[in-house]
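Below is one structure; the comments refer to it alone.
The values are calculated or read from the model by the stated rules, or taken from the named source; none is laboratory data. Because the structure is predicted, anything quoted here is derived from the model rather than measured. Using ideal geometry, Cβ is built from the backbone for each residue, glycine included, and neighbour counts are taken over all protein chains shown.
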Amino acid sequence: QVQVVESGGGLVQTGGSLRLSCAASGSIFGINAMGWYRRAPGKQRELVATFTIGGRPNYADSVKGRFAISRDYARNMVWLQMNSLKPEDTAVYYCNLRTPNLEVWGQGTLVTVSS
């Protein structure tokens, strides 16, 4: 069974930084995409940053220049470095893994940015 587990969320003040980690485990045969989404209170889940099959990172406009995604597919891991955090970044952040055969979501990690 393939699982993804996020870590690194927490409470931070405006302007602060956090680094989220995501580790996938199980029988993974190729990764098409792996990255981060978030759901803010009262809103739908949205893309934050992800690596697609082409290998280039894709960012939401709202986080460009502040967030950076990195990966190590040999270890089935991705990270999200979040800098210059704003209260509007407050959300549950989810890791998403897509392989040729399945799509898996993590349970999410809460990021709270205080003003």
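For residues in the stretch 1-26 being without any contact (Cβ under 8 Å) to a residue 60 or more places away in the chain and assigned to a loop (DSSP other than H, G, I, E, B), which is surrounded by the fewest Cβ atoms within 10 Å (Cβ to Cβ)?
Step one: of the stretch 1-26, the residues without any contact (Cβ under 8 Å) to a residue 60 or more places away in the chain are 1, 21, 23, 25-26.
Keeping just the survivors that are assigned to a loop (DSSP other than H, G, I, E, B) gives 1, 26.
Values: Q1: 6, G26: 12.
Taking the candidates together, the pick is Q1.
Of the residues making up the stretch 49-62, those that are closer than 16 Å to E88 by Cα and assigned to a loop (DSSP other than H, G, I, E, B) number 1.
Taken together, the residues in the stretch 27-62 that are buried (at least 17 other Cβ atoms within 10 Å of the Cβ), hydroxyl-bearing (S, T, Y) and under 19 Å from V113 (Cβ atoms) amount to 2. So for the stretch 33-46 (the condition being under 13 Å from L97 (Cα atoms), modelled with pLDDT of 95 or more and in contact with a helix residue (DSSP H, G or I) (Cβ under 9 Å, 6 or more places away or on another chain)), does at least one residue qualify? Within the stretch 33-46 (the criterion being under 13 Å from L97 (Cα atoms), modelled with pLDDT of 95 or more and in contact with a helix residue (DSSP H, G or I) (Cβ under 9 Å, 6 or more places away or on another chain)), the answer is no, since none of the residues qualifies. The residue that is surrounded by the most Cβ atoms within 10 Å (Cβ to Cβ), counting only those in the stretch 63-77 that are assigned to a strand (DSSP E or B) and in contact (Cβ under 8 Å) with a residue 24 or more places away in the chain, is I69.
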